[in-house]
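Starting off with a structure, shown below.
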Amino acid sequence: MSRKPNLALVGATGAVGTVMVSIINERENIWGEIRLIASKKSAGKKIKVHGQDLTVVELSAEAFDGIDIAMFDVPDEIAEIWAPIAVEHGAVVVDNSAAFRMNDQVPLVVPEVNPEQTKNRPLGIISNPNCTTLTMMAALGALHAKWKLTELVVASYQAVSGAGAAGVDQLQKEIAVVATDPLAGTRSGDVASMLKAAGLNQADSLWSVPIALNVIPMAGSLKAGGHSSEEMKVRDESRKILGIKDLKVAASCVRVPVQVSHSLAVHATFANPLTVAEVQAELEASPSVVLMDDPEKGIYPTPNHVAGQDPTFVGRVRQALDFENSIEMFVVGDNLRKGAALNTYEIAELVAQEF
């Protein structure tokens, strides 16, 4: 890096943007100017970055003047409009939304798996994968490089923060209500009745049923064939990141009453024979994976343990009993850090090396 590039963070005051600011502060300052950009209502706020109070500026075309790399942590519809504008003003965009992920001219990057793709950006945009897909990519990428992945079956247990701040707020409100009754959840419909009596209208929730003391067998929006948008992302994004166009994928995505960290039960089939010991050794050698696998001693990853940490945690590694060349494992990652903000920032760090 011959000079320090200028960095912009669009959506600096949002749920992921706030985590991004923390990550920027935790890591080496490799930047020239850091510019924080958000909506009109957030403009003027002061946020401390590397010891300096930075003033949030309103999103506009001029906000990208002089910016080399712009990280976007905004909804799809905002990214669709403003990412190309940032590119027109000379910035390389690293986008955390779903707006460009499946565009053939936009690379979908996980630095541990396909870092070379950051330079393959004809539109000037690089996409960050969905948090559910990202949770397992560091582990699967390492295993695929050695044994060649052919089939993938995944059941996800997704934290409410994956649905944004509103999801966390809904869970907290519901927990406060159900905590008043030790028998809550033991009778059909009683949680819904308790919430209604407390003035919590289900119509105002992100979900059609309570999330407290419950699991909801649907994450994302319903798509053709009965699959959800999250399930389709797991399939399509895994294929693109790993470069396996014909990868067979089956996914079931479930929302659970956990605030932070997505968990995945992964059944992976490979072209070549492999053993549990070999898989464990490969995962231990991966710098961004933590093997936490001693179930006899009650040691395995859980969302509570993983929250706030950067690595991917893997446990319960075992040989599938009835499927050849297949491994089963439990994978957990903080969906706001590696699942969103951290991976986006790591892509920006790769691009920064070009300056």
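Using alpha carbon coordinates only, what is the Rg to Rh ratio of region 163-204, with Rh defined as the Kirkwood radius?
With Rh from the inverse mean 1/r over Cα pairs, Rg/Rh is 0.98.
Most fluctuating residue of Tyr157, Tyr345, Tyr300 in a GNM of the chain with Cα springs under 10 Å: which is it?
Largest GNM mean-square fluctuation: Tyr300.
Still on this structure: Say we join alpha carbon atoms closer than 10 Å with springs in a Gaussian network model of the chain; which of Val178, Val113, Val258 then has the biggest fluctuation?
Val178
Using a cut-off of 13 Å between beta-carbons, work out the net charge of the residues near Ala281 (Lys and Arg +1, Asp and Glu -1, Ala281 not included).
-3
May I pose another question? Counting helices only, and only those DSSP H runs with n ≥ 4, report the 222 nm mean residue ellipticity of the chain as the sum of -39,500 (n - 2.57) divided by its residues, in deg cm²/dmol to the nearest 500.
-9000 deg cm²/dmol
Find the Rg to Rh ratio for region 126-188, where Rh is the Kirkwood radius over alpha-carbon pairs and Rg uses the same atoms.
Taking Rh as the inverse mean 1/r over Cα pairs, Rg/Rh reads 1.20.
Would you please report the Å³ per residue occupied by the convex hull of the alpha carbon atoms in the chain?
165 Å³
Hey, what's the Kirkwood Rh for region 211-284 if you take every pair of different alpha carbons, in angstrom?
It is 14.7 Å.
With every protein chain kept in place and ligands, DNA and RNA left out, what is the accessible area per residue of region 229-355? Probe 1.4 Å, answer in Å².
Accessible surface, normalised per residue, equals 42 Å².
Can I ask one more? So which residue, out of Ala198, Ala219, Ala15, gets the largest mean-square fluctuation from a GNM of the chain using Cα contacts under 10 Å as springs?
Ala198
Just list whichever of Lys223/Lys248; Lys146/Lys223; Lys4/Lys41; Lys148/Lys245; Lys4/Lys119 have alpha carbons separated by over 24 Å in the model shown.
Long pairs (Cα-Cα over 24 Å): Lys146/Lys223; Lys4/Lys41.
Between Ala250 and Ser193, what FRET efficiency comes out of the Förster formula 1/(1 + (r/R0)^6) with R0 = 45 Å and r the beta carbon distance, rounded to 0.05?
0.80
Once you list every other residue whose beta carbon is under 14 Å from the beta carbon of Phe270, what net charge do they have if Lys and Arg are +1 and Asp and Glu are -1?
Neighbour charge sum, excluding Phe270 itself: -2.
What ranking, highest mean first, results for peptides 59-70, 305-316 when packing means the other Cβ atoms within 10 Å averaged over each residue?
305-316, 59-70
Sticking with this one: Taking region 103-159, which trypsin sites (Lys or Arg not before Pro) meet the DSSP loop condition and have no more than 16 other C-beta atoms within 10 Å?
Lys148
Would you work out what percent of the accessible area of the chain, with all protein chains in place, is carbon or sulfur (probe 1.4 Å)?
Accessible surface attributable to carbon and sulfur in the chain totals 52 percent.
Based on the Cβ-Cβ distance of Phe323 and Leu222, what FRET efficiency does E = 1/(1 + (r/R0)^6) give at R0 = 22 Å, to the nearest 0.05?
0.15
With every protein chain present, what is the per residue accessible area of region 163-204 (1.4 Å probe, Å²)?
60 Å²
State the Kirkwood hydrodynamic radius of region 223-263 in Å, one decimal place, computed from all pairs of distinct Cα atoms.
Here the Kirkwood hydrodynamic radius works out to 11.6 Å.
Could you order the peptides 128-137, 275-284, 90-99 from most to least packed, using the average number of other C-beta atoms within 10 Å per residue?
So the order, starting with the most tightly packed, is 128-137, 90-99, 275-284.
Sorted from largest down, what three extents in whole angstroms do the Cα atoms of region 165-241 have along their principal axes?
If we take the Cα atoms of region 165-241, the spans are 47, 25, 21 Å.
Write down the accessible area per residue of region 27-114 in Å², having rolled a 1.4 Å probe over the full set of protein chains.
Per residue, region 27-114 has an accessible area of 46 Å².
The values are calculated or read from the model by the stated rules, or taken from the named source; none is laboratory data. All of these numbers come straight from a predicted model, not from anything done at the bench. Quick reminder, even Gly has a Cβ in these numbers, built from the backbone with ideal geometry, and neighbours come from all protein chains shown. Just the protein is used for accessible areas: all its heavy atoms, side chains included, with ligands, DNA and RNA removed. Shrake-Rupley method; radii C 1.70, N 1.55, O 1.52, S 1.80 Å.
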